[in-house]
């Protein structure tokens, strides 16, 4: 199985359905390679064997036999139908959530994933699930069509506005698995990413108690400077990427979904309702926790609340980052967003 | 009766008969595309009707049944007249044919006028395509906007077809009057009439969907 | 856009009779190129051959433009983040690449150029049934293309070539203009298809029965059926998106009860058969080229002819396999899955028939046949991966990833483009009366094949690894495969540029071809090259079958 | 020049069309429930068939034209059939606890 996956460049199979789907994958692709090579080699062989010897050479008529044609048709059709039978059974299995699945509600919007758990907790872009239990996602979209895709699980489902669609999976091994949006949804489509954090029983129980605290080494090894000596600003950058702040806010002064962070700190902000405020620490923190309270004029109320999502440390790191940008150079004209993103982890890396 | 110019097949055709066959087949193939063009809208209508039966019933009941039905009658009559006109031209009665075609065009205009009156009525009531207008402030059923959008879209497209059909018949009428179109090449009027009939057939289906059921 | 490149096509007026094989009599009738050489006579021509040439020149220009966008996209992916353009520009570029390649090049590619040029000759007619409609269709195509290109100037369009609402309903880019352009091009497609259907039915010369039509005619006929019946559905649904975006009618707006999935149904009802609009004519070219260079009758004429019709009809029943994860019901998904399996059988029949046609033939390996070998390998691979995606659970993983991108490029580029190039080499002597340089042809065919394979094979692996399509930023672990793919695209471009150069060279300096350089039996070769205005100078002898290689063709047919 | 005799087929077809027109109009006042749409469509189909057969004279045309119309009609039936089948066989919407946002999206802002 691992060899097959290595040859086909498939990510390791994190869900219970992955192994069977990959077996069908291997079967189908092997036949495909064999048939196309066979056709090519046969054509080359005929060309060499029956090479034209003189310019005005004539040939006899040769025609197919009816029996031969029938065998060909029946043979090919039964092969294809076999694939369909296996594929359809697996498809139904992937579409039908088992009874008693744990339900998580998914709300997609440009360009983030929002998860609401049965116990009332919410999180953005990180879906925490236990290993070994079927999870059913009930999904809808706020704006356009998105598609919830976890390559490591071999599952995908479009997320439609105005409707619920469902998807389910059961994770086999603890680890993090990237979530990608697979349906084109606008300018930052390729940044609409998240991850599934599959936890073992103990870790999951601890998460249930303590919430979405980043693991102690979460900031380490992701950029220049290691855990100990990473400055608060540097940490802020990492948090801004991990929490997908940069999907809407730029660091270099360009206008995007949300206001830029460059030269934001200390400036006077004109709000949608006409009030004016100074962007100090309090304002910045409030905007993270209650984004709709002080919407800046010219922007839409699209930012979700990060209350309960950002830890106190993360919040202060973000504020420190924004403060460090107060003297950033002026933006060079109006260009569209250029967001630098570092590695999202590969499918199914074990912790 | 005006004198006729001798009518010959086009350069690349062997004879007139073959050219007439080609023209009719061409028109039928074109009608097939028209069927699919409207068919796409019918498919949308059918699927939304299955999804929102209640809203669609409400929309139909609100529509003006009498005007729609009158319009159906107008089109049926026009179809009968133009079919008679084709027979007349084939039998060599240019004058009769020209009068019948004129009447057909007239009925087409009557249809457009009645349709215009209906549109005016809807706009007065505050019904606009896309669920805009004050009528939708009082009627909230999910699917109503879709009903009226499809109504305006499909009937407007049909009205455009009526207009095109009337123009085609107008051109043919002028050919008859100038003596370019007669018994020998009556297939040209036939082809134009077939188009007019198709416009009629489409309305035959629009009528029950938007006014009756 | 369309007028300037005409000069090279119009300039040579080669004398067919100088060819060594033909009888050395002076030319009594000028060729279709020589009858009238003013620009006006070209732009307002009703001669199907000239219209074919007009299309060919226009389509080569649009292909170059689409190819330019493709190269830019590949260069952008050299690094995981911004390389040469911004995300917004990238989104506009991949949309335009798709729109241009699909509607401005692939859909009309073979039918409108080669179909127009050779189909009337293949049925023994002087022209198509409605020559003026044919000219109108060309100008409608030009008008639609100009609209689409204008939309680039005023903000482009960033929805992807599939225009899915609700995104296309709210996108602030020039959606209405571009969609109207596509809508207008649709009319051109319909009129061309209509013309070919009626021509095939009513213009066949005496002795050319249905079962004696060259197989290219069958494939174009089947294509025309799809064009005529599928295109109006696209037109309707695009109109609704235009009013959605432009006037806010909101037919697919979920807030008003609209259902975006219905758009996808109607869109794919056209766009899946459209795949066969693109590839069926290519199959027709393969049938002609294989028979001509193997100098043998097709292994089973009827199987190839009827499978074209089979593809045309069953192709209409499979649109839902683009929507397995779109929120369609399981019942519909299963039905579309099994119906998709049927259509592949027809293609398989064709592939085996072409291969076995070579058996016991007298095969001469020329450039067109080389392209056909590329076609066979790439099309089979692309087609089989298509069947694989109809194996439904696999599609759940592959949908909207680079696997799909690779799959349809194997069909569209590996299939249609190689067949188009094969046809271009095969019919170039017929169109211009001159030969292309054979060795350069072979070299560029090898370059195109290698370049294509290196470009798109890595994309299968990218898709397996989960890389979604239409991604501007991508995770760095994919970079190696992306770089390989980009390098491949340069090789492919080099092959195509080389081809362009030697064709331009051959227009003036190519060796005179003679009426039938390949010794083909097909009807379009039974006249001078280039042909006279009315195709055949006398009633051509159609009593010898177009695939009968058991007897020599009498010399009189060329007079 | 003899006087023009009305073609009998056309007149009869026209009369039949008007009879069916009146019948359809009358039936719309009878409450047939969900069957009323089907009845109305069936009558419409008969009327359309009459127009196609006798006015458009498809009855006397060659096979190619009959096949053309049949192909168009057949494909349309398949399109409508499979689209309705999708809408009718989708899973019912899942039960969602109160408090969780309903799937009604905000009205898409016009530009």
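The numbers here are math on the coordinates, done by the rules we state, and not lab data. This is a predicted model, so every value here is computed, not measured. Heads up, the Cβs are rebuilt from the backbone with ideal geometry, glycines too, and the neighbour counts pull from every protein chain shown.
Here the spin labels are modelled as points 7 Å beyond Cα on the Cα-Cβ line, and at residue B:54 and residue C:78 they lie 6.1 nm apart. The Cα center of the range C:341-377 and the Cα center of the range B:137-195 differ in position by 47 Å. The DSSP beta bridges internal to the range A:102-210 are antiparallel in roughly 70% of cases.
Suppose we keep just the DSSP beta bridges with both residues in chain A; what percent of those would be antiparallel, to 5?
Values: 33 of 46 bridges.
Rounded to the nearest five, the antiparallel share is 70 percent.
Each label was represented as a point 7 Å from its Cα along the Cα-to-Cβ direction; for residue A:23 and residue C:450 these points are 4.1 nm apart. For the range C:405-454, what does the alpha-carbon gyration tensor say about shape, rounded, prolate or oblate, given a ≥ b ≥ c as the root eigenvalues, a/c under 1.5 as rounded, and a/b over b/c as prolate? Oblate is the answer for the range C:405-454, as a/c is 1.5 or above yet b/c matches or exceeds a/b. Computed from the Cβ-Cβ distance with R0 of 22 Å, the FRET efficiency linking residue A:71 to residue A:34 stands at 0.75.
Each Cα pair under 8 Å and six or more residues apart adds its sequence gap; the mean of these over the residue count of the range A:102-210 is a relative contact order of 29 percent. Per-residue ellipticity at 222 nm for the protein assembly as shown, helices alone: DSSP H runs ≥ 4 residues times -39500 (n - 2.57), over residue total, nearest 500 deg cm²/dmol? After summing the helix terms and dividing by residue count, I get -19000 deg cm²/dmol.
Calculated FRET efficiency, residue C:484 and residue B:177, Cβ-Cβ r, R0 56 Å, to nearest 0.05?
Values: r = 71 Å, r/R0 = 1.28.
The calculated FRET efficiency here is 0.20.
Given axes a ≥ b ≥ c from the Cα gyration tensor, I'd like to know whether the protein assembly as shown is rounded (a/c under 1.5), prolate (a/b larger than b/c) or oblate.
Numbers: a/c = 1.96, a/b = 1.30, b/c = 1.51.
The shape class here is oblate.
Using the count of nearby Cβ atoms within 10 Å as a rough guide to exposure, how do B:160, C:311 rank from fewest to most? Walk me through the intermediate numbers first.
Values: B:160 11, C:311 28.
Ranked by crowding around the Cβ, least crowded first: B:160, C:311.
Using the alpha-carbon atoms, what tilt in degrees (0 to 90, nearest 10) does helix C:479-509 show relative to the longest principal axis of chain C? Long axis of C:479-509 versus the principal axis of chain C: about 30 degrees. Take the Cβ-Cβ distance between residue A:133 and residue A:41 as r, set R0 to 51 Å, and report the resulting FRET efficiency rounded to the nearest 0.05. The pair residue A:133/residue A:41 has a calculated efficiency of 0.55.
May I ask for the angle, rounded to the nearest 10°, between helix C:87-99 and the longest principal axis of chain C, with both axes built from Cα atoms and the value confined to 0 to 90°? Compared with the principal axis, the helix lies near 40 degrees.
If you take every DSSP beta bridge whose two residues both sit in the protein assembly as shown, what share of them, in percent to the nearest 5, is antiparallel? Before the final figure, lay out each step's value.
Details: 37 of 51 bridges.
Roughly 75 percent of the beta bridges in the protein assembly as shown run antiparallel, per DSSP.
Seen through its C-alpha gyration tensor, with square-root eigenvalues sorted a ≥ b ≥ c, the range B:34-212 comes out prolate because a/c lies at 1.5 or above while a/b is bigger than b/c.
What length, rounded to one decimal in nm, is gained on full extension from residue A:89 through to residue A:302, with 0.36 nm per residue of separation minus their alpha-carbon distance? Intermediate results must be reported in sequence, preceding the final value.
Working: separation 213, 0.36 × 213 = 76.68 nm, distance 4.05 nm.
Here the segment from residue A:89 to residue A:302 would lengthen by 72.6 nm.
Here the scattering of the range D:8-68 is modelled by Debye summation over its C-alpha atoms, one equal scatterer each and no solvent; at q = 0.16, 0.25, 0.26, 0.28 Å⁻¹ the log10 of I(q)/I(0) is -0.60, -0.97, -1.01, -1.09. Centroid-to-centroid, using Cα positions, the range C:430-494 and the range A:21-93 are 25 Å apart. The angle between the Cα long axis of helix B:65-90 and the longest principal axis of the Cα atoms of chain B comes to about 10 degrees, rounded to the nearest 10.
Starting with the fewest neighbours, write out D:84, C:170, C:497, B:194 ranked by other beta-carbon atoms found within 10 Å of each beta-carbon.
Numbers: D:84 17, C:170 20, C:497 13, B:194 24.
If I rank by nearby Cβ atoms, fewest first, I get C:497, D:84, C:170, B:194.
For the range A:233-252 versus the range C:38-105, the inter-centroid distance based on Cα atoms is 38 Å. In terms of other Cβ atoms within 10 Å, C:146, C:51 run from fewest to most in the order C:146, C:51.
In this rough spin-label picture, where each label sits 7 Å from Cα along the Cβ direction, the residue C:132-residue C:500 distance is 3.7 nm.
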